[in-house]
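Here the structure comes first, spelled out in structure tokens, and everything after it is commentary.
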Amino acid sequence: MSSKIRKDDMVIVLAGKDKGRSGRVIAVLPKENRVVVEGVNLVKRHTKPDVAHPQGGVVSKEAPLHISNVAVRDPKTGKATRVGFKMTGEGDSRRKVRVAKGSGVEIDV
């Protein structure tokens, strides 16, 4: 089964402290039904010094959101939309693509 939300999709947050904000999906965690969105749901973490942060200290990073709290952004209207699937092409070149339910525009380009 194809996933309705994938890495690098533009999504809009529907619920929670960041409701209304949008960003690009950095990671999808299918076993936990969660997604990590760039610049959304930031949390502070105390870290020990390491190669990436030689000084250590308090670092801001994105925390996962439940997948039900985000929706794909419609490429045509810019609003949140549901995702459907459609078969395109003929014969052996047929493939399954994601489609925005609101405008009917293909999301996979």
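Considering only residues that are open to solvent by less than 20 Å² (accessible area, probe 1.4 Å) and hydrophobic (A, V, I, L, M, F, W, C), which ones fall in the stretch 80-98? Break it down stepwise before answering.
Restricting attention to the stretch 80-98, the residues satisfying the condition of being open to solvent by less than 20 Å² (accessible area, probe 1.4 Å) are 81, 83-84, 97-98.
Residues satisfying the conditions are Val83, Val97.
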- request: Select from the stretch 12-67 the residues that are surrounded by 11 or more Cβ atoms within 10 Å (Cβ to Cβ) and among the hydroxyl-bearing types (Ser, Thr, Tyr) and write down the one among them that is farthest from Arg82 (Cα to Cα).
  value: Thr47
task: Those residues that are on the phi < 0 side of the Ramachandran plot and loosely packed, with under 14 Cβ neighbours inside 10 Å, I need them from the stretch 68-79; list them, please.
output: Ser68, Lys76, Thr77, Lys79
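The values are calculated or read from the model by the stated rules, or taken from the named source; none is laboratory data. The shown structure was predicted, so the numbers you read here are calculated from the model rather than taken from an experiment. Here Cβ is always computed from backbone atoms with ideal geometry, including for glycine, and neighbour counts include all displayed protein chains. Note: areas computed on protein heavy atoms with side chains; ligands, DNA, RNA excluded. Shrake-Rupley method; radii C 1.70, N 1.55, O 1.52, S 1.80 Å.
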